[in-house]
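Taking it in order: structure first as structure tokens, then the write-up.
Read-outs: derived from the displayed coordinates by stated rules, not from any lab. Given the structure is predicted, the values throughout are model-derived calculations rather than measurements. Every residue, glycine among them, receives a Cβ derived from its backbone with ideal geometry; neighbour counts consider all protein chains shown.
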Amino acid sequence: YSRRYNQLQELPSGKRPDDPLRQLLGPVFTALINKWWVDELYQLVILRPYAALSRFLAEQVDWRFWHDWFHEKVIANGYIGLAYFLSDKFDLRVIDGAANGLATVTQRFAGSLRRIQTGYVRNYALSVFLGLVLILAYLFFR
């Protein structure tokens with residue numbers, strides 16, 4: 001307010017008229033015009049330390065601790081460890097083990113079926129006939 005008041009008090013020539021209270025009050029008038037330097041004191045005592053503390057916390061706590069250490073060491077290394085476990089331990093032992101176990105069961109079953117395959121048509125015709133008898137017996141006795 002006081003600065004705006006001072007600007008409005010300027011004459012067209014750019015000079016301000018002397019305030020009669022300035023001579024009467026002296027330094028008290030200057031203190032009143034400058035609002036007892038409350039804004040300057042607030043800037044010095046509150047705002048500057050707060051800004052310095054904010055910069056420190058942003059740099060040290062947010063960037064160096066949170067982004068650099070926590071994100072890289074805890075989160076990234078945690079995911080890397082989990083990915084290593086899933087790809088190396090779990091995939092090789094569980095997933096590949098299940099696929100290999102299924103392949104082994106299929107090979108053994110195919111090996112047992114290989115013994116009954118003779119290549120003679122009469123054996124296959126007999127198998128079809130026996131299958132038909134079993135189906136009819138099932139339908140008849142159910």
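Listing for the model above:
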| read-out | value |
| --- | --- |
| Cβ-defined net charge surrounding VAL28, 15 Å radius [Lys, Arg +1; Asp, Glu -1] | +1 |
| Candidates TYR84, TYR42, TYR120, ranked by Gaussian network fluctuation over the chain, Cα under 10 Å, top entry | TYR120 |
| Rg and Dmax [Cα atoms of segment 57-141; Å; Rg one decimal, Dmax integer] | 30.1, 89 |
| Volume in Å³ per residue [convex hull over Cα atoms, computed for the chain] | 403 Å³ |
| Candidates LYS35, LYS73, LYS89, ranked by Gaussian network fluctuation over the chain, Cα under 10 Å, top entry | LYS35 |
| GNM flexibility winner over the chain from LEU32, LEU130, LEU41 (Cα, springs under 10 Å) | LEU130 |
